[in-house]
1. Consider K313 carefully, then state whether it is touching a residue at least 24 places away in the same chain (Cβ under 8 Å) and more than 23 Å from the chain's Cα centre (by Cα).
2. Taking the condition assigned to a helix (DSSP H, G or I), in contact with a Ser or Thr (Cβ under 8 Å, 6 or more places away or on another chain) and open to solvent by less than 10 Å² (accessible area, probe 1.4 Å), does V66 pass?
3. Select from the range 258-277 the residues that are within 14 Å of the chain's Cα centre (by Cα) and outside any helix (DSSP H, G or I) and write down the one among them that is surrounded by the fewest Cβ atoms within 10 Å (Cβ to Cβ).
4. Quickly run through the range 32-63 and pick out the residues that are touching a helix residue (DSSP H, G or I) at 6+ places or on another chain (Cβ under 7 Å), surrounded by 15 or more Cβ atoms within 10 Å (Cβ to Cβ) and assigned to a helix (DSSP H, G or I).
5. Using beta carbons and a limit of 8 Å, which pairs, at least six apart or on different chains, have the first residue in the range 14-30 and farther than 14 Å from D46 by Cα and the second one open to solvent by 40 Å² or more (accessible area, probe 1.4 Å) and in a strand (DSSP E or B)?
6. Does the range 79-97 hold any residues that are out of contact with any Phe, Trp or Tyr (no Cβ under 9 Å at 6 or more places or on another chain) and part of a loop (DSSP other than H, G, I, E, B), and which are they?
7. Could you grab me the full set of residues in the range 122-151 that are more than 26 Å from I320 (Cα to Cα), open to solvent by less than 10 Å² (accessible area, probe 1.4 Å) and of a type outside the set (G, A, S)?
8. Just checking, does the range 96-114 include any residue being touching a residue at least 60 places away in the same chain (Cβ under 8 Å), under 20 Å from M266 (Cβ atoms) and open to solvent by less than 20 Å² (accessible area, probe 1.4 Å)?
Amino acid sequence: MRILAFPYRGIAYNDGFYDALSAQGAEVISGEWAGKWLLQNLRKQDAVHIHWPSFLYASSGTSGAVLASFLRFVVLLAVMRMRTKKIYWTAHNLMPHDRCVLPWLDTLARHCMIAMVSKIFVHGASAQKVLVDRFPRAAPKCITIPHGNWIGHYPPEQTRETARAALGLPPDAFIYLFFGQCKPYKNLDGLMRIFLKQASRNDVLLVAGGFSDKQYLASIREIAGNDARIRLDARFIPNEEVSSYVMASDAMCVPYREILTSGTAMLALGFGKPVISINRGFLRDVIPSQAGILIEPDNAEQLAQALRTIQEKPWQSDAIIRHAKQFTYEDAAAIFLKEAAS
C-alpha cells in the first residue's frame, strides 16, 4: 500500500508512526498540498493520511487571504475525495492550538474533515469521547490506536547523574521538567507562579523548549525574574539532547489548559518519569495512579498539591517504563493498515 502523508517527516510522532508503517511493508511518501501534484500523483488505490488540518490553510493574514486559503483547502480535499476513498485523519487535538483569525473556519474545517474522510484515528477511548461529544458525526468513523512510546528513540543513554552534570544542574535538587514548544495553552505561566510560591530552595523548574511568540517569552521571563530556581532554556531541543533533559528530571509537568493527546506525556513515561497533567482526553487512558497525578485544568490548588505529592510518593521508574511499553507505534501501524485494507 502507498500512503501519502501530510506531513511526512520532521515531527516526532510522524517519524515514529511512519517508520513502523514502512517496517510493515507500506510505502510512505511526502504529500504536496497542491492541485497539480495531487492530480499527477494521487492514485485510486492510494491512501491519504492527514494529521493537522489547520497546517493546510492559512490562519493569519487578512480575512480575504485567509478565506481564499481555506477555500483552496476545501477544494483540494474534494479533489482527493474524487481520486481516492481512502482518506484518513489522525485527530491529535480537538481544535487547533493556534486559532485562525476567523475562528469559525477552524470549526468548519473539522466538519469538512469529518465529512470527507473514511476513518478518524484517535489515541484512546477517552480522547474519542471528547471528540465525539464536540462533533457527534465523527462517531461512526472513529478508530482508536495507541500513541507509541519513544523508548530507545533518543540516544545517548544517560543516568540521572550524567544528565545533570551535562546540563549543569545541581545533583541533589528535585527537578520538575516542562518540555517542548512553549505556548499559552500549556499553562507554563500558571505552573511557574505556583512553583515560585511554594517551592523550596532545593527545587528546580527546568523549562526546555522554543517560543514562537516573543511576547509570551517576555512574559515568562518577567514571571521568572531572577529566581535561580527556574532554569529557562528557551530554544528548540535537538534530538541528541532530549535524553539529557528528561533523565535529569524527577517529574514531568504537563499542566495544560486543554489537551486531547500528549506526546510529551508519552516521552516522560518512556523514560520512567511520573507525570503531572490534567484529567482530560488521552491522559485519562495513559496516566494511571502509578504513573502520575491528574488534576483539573486551571485548578491552582490541585496543581500546587500535585507539585508537593509528586515529591512524596515513591515512584517506580521500572514500573512506569513497563506501562509505557504497551503503547507502540507497531500496534498503531498494524491497526492503520488493517483499516486501510478493509
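1. The answer is yes for K313.
2. Taking the combined requirement at face value, the residue satisfies it.
3. Filtering the range 258-277 for residues that are within 14 Å of the chain's Cα centre (by Cα) and outside any helix (DSSP H, G or I), the one surrounded by the fewest Cβ atoms within 10 Å (Cβ to Cβ) comes out as E258.
4. L38, P53, S54, L56
5. Filtered contacts from the range 14-30: no entries.
6. Of everything in the range 79-97, those that are out of contact with any Phe, Trp or Tyr (no Cβ under 9 Å at 6 or more places or on another chain) and part of a loop (DSSP other than H, G, I, E, B) turn out to be T84, K85, K86, M95.
7. L131, F135
8. no
The values are calculated or read from the model by the stated rules, or taken from the named source; none is laboratory data. Note that the structure is predicted; figures quoted are calculated from it, not measured. Cβ: placed from backbone, ideal geometry, glycine included. Neighbour counts: every protein chain shown. Quick note on the areas: whole protein, heavy atoms, side chains included, nothing else; ligands and nucleic acids left out. Shrake-Rupley method; radii C 1.70, N 1.55, O 1.52, S 1.80 Å.
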